[in-house]
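S.K.: I have a structure here, written as structure tokens, and I will follow up with some questions on it.
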Amino acid sequence: MPYVIMDNSTEPKVLTENLNAGRFIKNNLNVRQTWRFYLEEAFMRSAKTGVPFVYPANMLMNEDMDADYENAVMIGEDMFYWVVLEETSGVTILLPPGNWYSNGGPTLAEYYTGGSSHTSASTDLGNLLFFKEGGVYVLDDFQDNPGYVIVRIYMPYTVLPIPISRSFQFYENGAEWRTVDISISIANKVITFEGDGSDVADTYKVSKIEVYLWHEVDSDPGAGVTYNGRGDSKYNIEFDYIVSGEEKMLFGDWTQDISSSRSKRSRSRQNKLQCFITDWVSAGKR
């Protein structure tokens with residue numbers, strides 16, 4: 001991911017006094033550091049498959065190059081980036097086919113369908129990134145909690161028992177490659193971590209799990225759990241292990257209930273219908 005875009009002019013377009021060049025570059029480097037695990041994984045996959053690490057988003061459309069999408073770039077398979085080449089007070093972003101979430105914390109990410117446009121008042125790099133739905137990501141929480149990571153999950157917008165999982169590889173400070181599999185069972189309402197069982201001491205702890213757009217809310221979720229309503233009876237959920245005082249290891253074997261106390265309460269008519277649909281689809285009756 002480039003942290004500054006330069007051309008052959010005497011002064012690079014993004015480095016002007018108005019943008020405060022040092023702060024601009026530092027912010028972009030911080031964004032790159034936050035997403036370094038994804039970037040490393042995408043680069044490794046590119047080296048193995050021969051598919052470019054960075055490529056025009058038009059390649060997803062099976063169409064000729066469209067001038068409207070000339071600033072649209074894919075980084076790996078799941079990250080979409082709208083390139084800003086000149087100073088501007090805002091930008092209109094055209095999203096490629098598929099369903100996407102914007103970057104941000106639990107109260108900031110928005111859901112968009114492909115082909116739609118999104119206007120951003122800010123051209124900071126963090127506001128120009130979008131991610132495919134149905135994905136799991138590990139973010140470096142180095143700014144707020146050094147040595148910790150955030151696990152971010154972008155759920156499918158339509159709640160069906162689609163399996164969501166991802167296997168991550170990390171190189172642990174000269175020790176060895178570590179692996180962890182993170183999976184989400186919508187039917188069982190749990191997030192599962194399966195570490196590699198290595199004896200090497202864990203470097204990374206999990207500070208938070210962020211779940212984007214879950215379909216039900218727990219009225220008694222426990223310490224460190226926050227639900228943020230997003231509309232259409234969907235919620236962003238944040239499990240904050242720093243606040244709750246729990247210690248969760250990235251490479252450990254553990255599970256997190258998404259709606260732990262739901263089974264103790266009577267179900268509403270809507271929840272009964274949702275559970276019926278989930279069980280019906282799980283049984284293959286579609």
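The values are calculated or read from the model by the stated rules, or taken from the named source; none is laboratory data. These figures come from a predicted structure and were not determined experimentally. Glycine also receives a Cβ, built like all others from the backbone with ideal geometry; neighbour counts cover every protein chain displayed. Just so you know, the surface numbers come from the protein's heavy atoms only, side chains and all, with ligands and any DNA or RNA stripped out. Shrake-Rupley method; radii C 1.70, N 1.55, O 1.52, S 1.80 Å.
S.K.: Show the residue pairs that are 6+ apart or on different chains and have beta-carbon atoms under 7 Å apart, the first residue being within the stretch 213-228 and on the phi > 0 side of the Ramachandran plot, the second being open to solvent by 40 Å² or more (accessible area, probe 1.4 Å) and basic (Lys, Arg).
M.R.: Correct list of pairs: Leu213/Arg230.
S.K.: Being out of contact with any His (no Cβ under 7 Å at 6 or more places or on another chain) and more than 27 Å from Asp144 (Cα to Cα) is the filter; apply it to the stretch 221-243 and report the residue that is least open to solvent (accessible area, probe 1.4 Å).
M.R.: The extreme case among them is Gly231.
S.K.: Can you find even one residue in the stretch 5-15 that is within 30 Å of Gly115 (Cβ to Cβ), modelled with pLDDT of 85 or more and open to solvent by 50 Å² or more (accessible area, probe 1.4 Å)?
M.R.: Scanning the stretch 5-15, I find no residue that is within 30 Å of Gly115 (Cβ to Cβ), modelled with pLDDT of 85 or more and open to solvent by 50 Å² or more (accessible area, probe 1.4 Å), so the answer is no.
S.K.: Can I ask one more? If you scan the stretch 36-57, which residues turn out to be open to solvent by less than 70 Å² (accessible area, probe 1.4 Å) and outside any helix (DSSP H, G or I)?
M.R.: If the condition is that a residue be open to solvent by less than 70 Å² (accessible area, probe 1.4 Å) and outside any helix (DSSP H, G or I), then Gly50, Pro52, Phe53, Tyr55, Pro56 are the ones that fit.
S.K.: Related question: Name the residues in the stretch 42-81 that are at pLDDT 85 or above and of a type in the set (Asp, Glu), would you?
M.R.: Those that are at pLDDT 85 or above and of a type in the set (Asp, Glu): Glu77, Asp78.
S.K.: Could I ask something else about it? Assess whether Ser244 counts as being at pLDDT 90 or above, within 28 Å of the chain's Cα centre (by Cα) and farther than 19 Å from Ile182 by Cβ.
M.R.: Working: at pLDDT 90 or above: yes; within 28 Å of the chain's Cα centre (by Cα): yes; farther than 19 Å from Ile182 by Cβ: yes.
Yes.
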